[in-house]
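The values are calculated or read from the model by the stated rules, or taken from the named source; none is laboratory data. Predicted model only: the values in this text are computed from it and were never measured. Glycine also receives a Cβ, built like all others from the backbone with ideal geometry; neighbour counts cover every protein chain displayed. Heavy atoms of the whole protein, side chains included, go into the accessibility calculation; ligands, DNA and RNA do not. Shrake-Rupley method; radii C 1.70, N 1.55, O 1.52, S 1.80 Å.
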Amino acid sequence: MRRVRAAAVIASIALGLVMGAGSPAQAAVAPSGGVSVNYQFGMYYSQWACQYFGNSLVQGGAFHSYSCVYQYYQPDNAYYWFLYVY
């Protein structure tokens, strides 16, 4: 059971990476004057999924922080949870 769970997590993270690979990077100026780059990592149907992937990426050391934003997605004419990582 543990192997199945681990395989599912790895597959989900890989899918998230593939979904986020085509997203353009956006730069923002940090309050300290430095440049902070955030990436749209992926989009999800539920807030739980967005937070799950955000937490796993931060805990794994790939990024410093994340945010989940509920946004309208024009091509699908629907709202999704967008994961941005910093």
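Every listed requirement among (1) part of a strand (DSSP E or B); (2) modelled with pLDDT under 95 is met by residue 75 save one, (1). Residues that are under 12 Å from residue 82 (Cα atoms), open to solvent by 50 Å² or more (accessible area, probe 1.4 Å) and modelled with pLDDT under 70 within the stretch 18-57 comprise just one, 19. In the stretch 55-81, the residues that are closer than 16 Å to residue 39 by Cβ and small (Gly, Ala, Ser) form Cβ pairs under 9 Å with partners that are assigned to a loop (DSSP other than H, G, I, E, B) and open to solvent by 50 Å² or more (accessible area, probe 1.4 Å), at six or more places apart or across chains, as follows: 56/62; 65/86; 67/86. Would you call residue 69 β-branched (Val, Ile, Thr) and surrounded by 14 or more Cβ atoms within 10 Å (Cβ to Cβ)? For residue 69, the condition - β-branched (Val, Ile, Thr) and surrounded by 14 or more Cβ atoms within 10 Å (Cβ to Cβ) - is not met.
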